[in-house]
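Student: The structure under discussion is supplied below as C-alpha cells; questions concerning it will follow.
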Amino acid sequence: MITFHNPLHQGHAPQHEFFRGERVPCFEKPARVDYVEARLRARGHALQAPGEDSVAVLAQVHAPRYLDFLRTAWQQWLALDAANAQVQPFPSVWPVRTLRDDVEPANFIARLGLYSMDNGTPLAAGTWAAAKAGADAAASAAACVAAGARAAFCCTRPPGHHAGPDFMGGYCFLNNAAVAAQWLRLHGAARVAVLDVDYHHGNGTQSIFYERADVLFASIHGDPRTEYPFYLGHADETGAGPGAGCNLNLPLPAGTGFAAWMAALEQACARIAAHGADALVVSLGLDTFEGDPISRFRLAADDFPRIGERLARLGLPTVFVLEGGYAAAELGSNAVNVLEGFEQA
C-alpha cells in the first residue's frame, strides 16, 4: 500500500502530560510512529514524504484564528520568557457555557484555554511543524486515492480526530481525517464517508462535518458516559440541518470484545453503503487492542486483519489515517495487519 509518512513528527516530543489529574510521561510519543514505520519497512512497504500542501484545505476545516494561534503558539510562549523553552505550557481556564469565546484574551494561558478542550495536549517547539506535515501527508494520501489508487495510508503523528474546527485536544492539533475527506470532496468525490475506529470518539471530526450532507461520519468507540472525550459521541447525535442523518455513533461499553465490536462495524458499513459514498477515510485508531494502557476494549492482534478485510469489501477508494494506539511496541504490527488484511481481501 502506498504510504505517506511525516518526516517531522519527532519534533513534537513533549515530555509529560496530565492524565486523570496526574503528571505522567506522554503516552503519545515519537516511538509510536517509529514502530509503525519499522514494521511497514520490514514487510516491504515503501514510505514516501508528503508532496501536497494542505494549507488551503486546512482553512476549510479549521477556523482562521485557531490556525493563526497554533502556527505561532510556541513563539508566543517564548516571547513571554526565554526560559519557557524548557517549560511546557498548559491551559488552566476554559470558556465554558456562559463565558465568552468570541474575544481572544491577551493572556497567553487564557488564549491556550480558549483553543483547548483539555489540559492533556501539550505543546512543544516542533508541534506546529509536525502537525502541519501530518496534514500534508493526509492530503497527499487523499490526492493519491483521488488520482486512482485503491488505497493509501497516512502514517503520522500527532493524531488528529479530536481536533475540532477551533480547538485542540486529546493529543490532536489538526484534523488529518477531515483534511483527507475535504481533499477528496474537492477532487471528484461527491460524497465521502469517514469511519472512525479509534477507542475514543472522534469528536473533532464529528464537529467539523455535523451539519454537512456530503460527508457521513460514523464512529465505533467507548461509551462517552465513562470514556474520553465524555461530552460527545452519544447515539442520539445524528447530524443537524443539511447533515441530519449523516452522523452515526455506535458507543460500546468498556470490556467489549471482537464479536460485539465487529457487529458494530457491520452497522457502520451498512450505513456507509446506504450513504452512497464515493470514497472512504478511515480514522485508524488501534487503541482498541487489548493491551492498550489507556483504553478498555479487548481486540486481539489476530482480529485486525479481519477489520481490513471487511473494509475492503465496501469496494471504495480508501485513505487510512493513523490515529491513537498507545501500546507502542504492538502498534506497528496491528496497523500493518489492518492494511494487509485490506490489500489481500
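The values are calculated or read from the model by the stated rules, or taken from the named source; none is laboratory data. Quick caveat: nothing in here was measured; it's all calculated off a predicted structure. All Cβ positions, even for glycine, are placed from backbone atoms using ideal geometry, and neighbour counts span all protein chains on display. Surface accessibility is based on the protein's heavy atoms, side chains included, excluding ligands, DNA and RNA. Shrake-Rupley method; radii C 1.70, N 1.55, O 1.52, S 1.80 Å.
Student: Keeping all protein chains in place, calculate the accessible area per residue for segment 1-95 (probe 1.4 angstrom), answer in Å².
Tutor: Heavy-atom accessible area per residue stands at 53 Å².
Student: Which loop trypsin sites (Lys or Arg not before Pro) in segment 12-69, with loop taken from DSSP, have no more than 10 other Cβ atoms within 10 angstrom of their Cβ?
Tutor: The qualifying sites are R20.
Student: Full-extension gain between A254 and E343, please, as 0.36 nm times their residue separation minus the C-alpha to C-alpha distance.
Tutor: Between A254 and E343, full extension yields an extra 29.0 nm.
Student: Another question, then. Please compute the contact order of segment 203-340 in relative form: average sequence separation of alpha-carbon pairs under 8 Å and at least six residues apart, divided by the residue count, as a percent.
Tutor: With pairs under 8 Å counted, the relative contact order is 21 percent.
Student: Give, in whole angstrom and from largest to smallest, the semi-axes √(5λ) of the equivalent ellipsoid of segment 200-345, with λ running over the eigenvalues of the Cα gyration tensor.
Tutor: In descending order, the three semi-axes are 23, 19, 12 Å.
Student: Accessible area of the chain with a 1.4 Å probe: how many percent of it is carbon plus sulfur?
Tutor: Answer for the chain is 53 percent, counting heavy atoms of protein chains only.
Student: What percent do you get for the relative contact order of segment 35-119 when only Cα pairs under 8 Å and 6+ apart count?
Tutor: The value is 21 percent.
Student: Between E266 and Q10, 0.36 nm times their residue separation minus their Cα-Cα distance comes to what?
Tutor: That works out to 88.5 nm of additional length.
Student: Can you give the % of DSSP beta bridges in the chain that are antiparallel, to the nearest 5?
Tutor: 15 percent
Student: Please compute the Kirkwood hydrodynamic radius of the chain from all pairs of different C-alpha atoms, in Å with one decimal.
Tutor: 19.8 Å
Student: By average Cβ neighbour count within 10 Å, what is the ranking of 309-318, 210-219 from highest down?
Tutor: 210-219, 309-318
Student: May I ask for the net charge around F27, where only other residues with Cβ less than 10 Å from the Cβ of F27 are counted and Lys, Arg are +1 while Asp, Glu are -1?
Tutor: In short, -2.
Student: Ranked from highest to lowest mean number of other Cβ atoms within 10 Å per residue, what is the order of the peptides 224-231, 128-135, 103-110?
Tutor: Ranked from most to least packed, the peptides come out as 128-135, 224-231, 103-110.
Student: Per DSSP helix of 4 or more residues, -39500 (n - 2.57); summed, then divided by the residues of the chain. What does that give at 222 nm, rounded to the nearest 500?
Tutor: -11500 deg cm²/dmol
Student: OK, next. For segment 169-245, what is the accessible area per residue in Å² when the probe is 1.4 Å?
Tutor: With all protein chains present, segment 169-245 gives 30 Å² per residue.
Student: Obtain the radius of gyration and the Kirkwood radius of segment 13-64 from its C-alpha atoms and give Rg over Rh.
Tutor: Radius of gyration relative to Kirkwood radius: 1.14.
Student: Compute a Gaussian network model of the chain, connecting alpha carbons closer than 10 Å, and tell me which residue from G241, G257, G324 fluctuates the most.
Tutor: G241
Student: Going by amide H atoms built from the backbone, whose H comes under 5 Å of the H on H221, apart from near neighbours?
Tutor: When sequence neighbours closer than 5 places are left aside, the close amide H contacts are L250, L252.
Student: Same structure again: Defining a contact as two alpha carbons under 8 Å apart and six or more residues distant in sequence, what relative contact order in percent does the chain show?
Tutor: Relative contact order for the chain comes out at 19 percent.
Student: While we're on this one: Give, in nm to one decimal, the length gained when the segment between R225 and Q75 is fully stretched (0.36 nm per residue of separation minus the Cα-Cα distance).
Tutor: 50.3 nm
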